[in-house]
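To start, the structure under review is shown below, and the notes come after it.
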Amino acid sequence: MSELTFEQMLEESLKTIHAGEVVEGTVIDVKPDEIVLNIGYKSDGILTKSEYSNDQSLDLTTIAKVGDTMEVKVLKVNDGEGQVVLTYKRLAADRGNKRIEEAYNNREVLKATVTQVLEGGLSVVVDEVRIFIPASLVSDTYEKDLTKYAGQEIEFVISEYNPKKRRYIGDRRQLIAEQKAEMQRELFARIHEGDIVEGVVKNVTDFGAFVDLGGADGLLHISEMSWGRVEHPKKVFKVGEHLTVLIKEINGSKIALSLKFDDANPWKDAADKFAVGSVLTGRVARMTDFGAFVELEPGVDALLHVSQISKEHIDKPSDVLSVGEEVTAKVVDFNEADRKISLSIKALSASNSSREEDGDVVSVDIDAVIAAEGEE
């Protein structure tokens, strides 16, 4: 039996490796663009910068030092010069694929930083796997400009996993929708009609303002914005403004809000302030052919019929009055139930025509105006 030479014994003591195999090596040399590893094979392994990372600005001396151990994947057993070609980024990608697959199957919420803002969406990287989040799945509302997400850490789930086509799709929209649904459930379990809550103006329209209550939006209709008349919501509120509002009604998922608090109700002491026979001063808020509406207090308007403006015949109020003009008149009728007050200048006697009691000047209460016009 022949004895083995030292070289043969050494070679037999060394392991065999195959392309695709994962091995552990010890760093024996590091250069800015190359790492040399002892992998227990007859040849050392070479890990180039391009096979370590896609970041070609990276200096490998900043991430490894002699004596470090690394797990790598064999790319080629022999590069033609007797060296083993290794890869780290492909091993990381393989493990990343497994990680993404598990996240997809378990519907795990992932978190990553947006590395690119593309024309059609966002790109993030999780364990060396690039995931695309289409613009339609970024939010539950349409967002034209996605640049605000650049460099931002976001949460998402994997909605599509196709490693063969290297297609990995993330979905942030369903997370937002689920979070909002949970917040809505909590909100409706907490609030009741008559509660006073805090909110933020989300949108202002011609007919009212939508207020975010933290889980659902409530509608603050123009008729509920003030005890007085509001010309246009946009003249009163702006998006982002914080409001303290009253929950007037809850109907299913719809919430009606109000700023007409009872303690500020101008009709609360109206029976005393506007009793029949009182002489009051107000300002003409608006006019129709049949009369003028006079503002007495915030949210309190009285009708000065055309027949009660003067002893002389008047065809229409605008012939002798103008909007904004201050007038003094006597209360000739008071109906608290219907919130209607009738005035008369003509009823003032000569003895009291000069006596005026100043009244506050504010906008018209729409309900009172409509009721008065309907009566005519």
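Placing unit charges on each Cβ (+1 for Lys and Arg, -1 for Asp and Glu) gives the chain a dipole about its Cα centre, and among 188, 298, 129 the Cα reaching farthest toward its positive end belongs to 129. Only protein heavy atoms count here; under a 1.4 Å probe, residue 46 has an accessible surface of about 20 Å².
Kindly provide the GluC sites (Glu not before Pro) of segment 105-171 that DSSP labels as loop, not H, G, I, E or B, and whose Cβ sees at most 13 other Cβ atoms within 10 Å. Please report the intermediate quantities before stating the final value.
Numbers: sites: 108, 119, 128, 143, 153, 155, 160; in loops: 108, 119, 128, 143.
When the GluC sites (Glu not before Pro) of segment 105-171 are filtered for loop state and at most 13 Cβ neighbours within 10 Å, 108, 119, 143 remain.
Database remark: amide H of residue 63 closer than 5 angstrom to no amide H (H placed geometrically; neighbours at sequence offset of 5 or more, or on other chains; Pro and chain starts carry no H). Taking all protein chains together, 73, 238, 311 sort by accessible area into 311, 238, 73, largest first [probe 1.4 Å].
Label sites at residue 254 and residue 44, each approximated as a point 7 angstrom past Cα along Cα to Cβ, lie 7.8 nm apart. Using a probe of 1.4 Å, the accessible surface attributed to residue 287 totals some 50 Å² when neighbouring protein chains are kept in position.
Between residue 109 and residue 78, full extension at 0.36 nm per residue minus the direct alpha carbon distance yields a gain of 7.0 nm.
For 149, 142, give the ranking by accessible area with the largest first, probe 1.4 Å. Can you show the working numbers first?
Details: 149 10, 142 190 Å².
Descending accessible area places them as 142, 149.
Here the simple spin-label model places points 7 Å from the Cα toward Cβ, and for residue 231 and residue 34 these points are separated by 8.0 nm. About the centre of its Cα atoms, the chain shows a dipole size close to 700 debye [charges on the beta carbon of Lys, Arg (+1) and Asp, Glu (-1) only; nearest 20 debye].
Relative contact order for segment 187-340: what is it in percent, counting Cα pairs under 8 Å that are at least 6 residues apart? Mind dumping the intermediate values first?
Values: 291 pairs, mean separation 29.2, N = 154.
Reported as a whole number, the value is 19 percent.
FRET efficiency for residue 333 and residue 312, Cβ-Cβ distance as r, R0 = 22 Å, nearest 0.05?
Given R0 = 22 Å and the Cβ-Cβ separation, E is 0.50.
A quarter of the convex hull surface defined by the alpha-carbon atoms of the chain gives 32.0 nm² as the mean projection.
Based on the Cβ-Cβ distance of residue 166 and residue 24, what FRET efficiency does E = 1/(1 + (r/R0)^6) give at R0 = 22 Å, to the nearest 0.05? Don't jump to the answer; show the numbers that get you there.
Details: r = 27 Å, r/R0 = 1.25.
About 0.20, to the nearest 0.05.
Dividing the helix sum by the residues of the chain, where each DSSP H run of 4 or more adds -39500 (n - 2.57), gives a mean residue ellipticity at 222 nm of -5000 deg cm²/dmol.
What separates the Cα centres of segment 139-153 and segment 252-300 is a distance of 47 Å. When both bridge partners sit in the chain, DSSP labels roughly 90% of those beta bridges antiparallel.
Judged by the gyration tensor of its Cα atoms, with axes a ≥ b ≥ c, segment 52-170 is prolate; a/c meets the 1.5 cut and a/b is the larger of a/b and b/c. Here residue 235 is the anchor, and the lysines within straight C-alpha reach of less than 21 Å, apart from those fewer than 8 places off in the same chain, are 202, 260.
Give me the percent of accessible area attributable to carbon and sulfur for segment 219-317, probe 1.4 angstrom.
Numbers: 2360 of 4820 Å².
Looking at segment 219-317 in its full context, I get 49 percent from C and S.
The values are calculated or read from the model by the stated rules, or taken from the named source; none is laboratory data. Please read these numbers as outputs of a predicted model, since none were measured by experiment. Positions of Cβ are generated from backbone atoms using ideal geometry, with glycine treated the same way; all protein chains shown enter the neighbour counts. The area values use the complete protein model at the heavy-atom level, side chains included, leaving out ligands, DNA and RNA. Shrake-Rupley method; radii C 1.70, N 1.55, O 1.52, S 1.80 Å.
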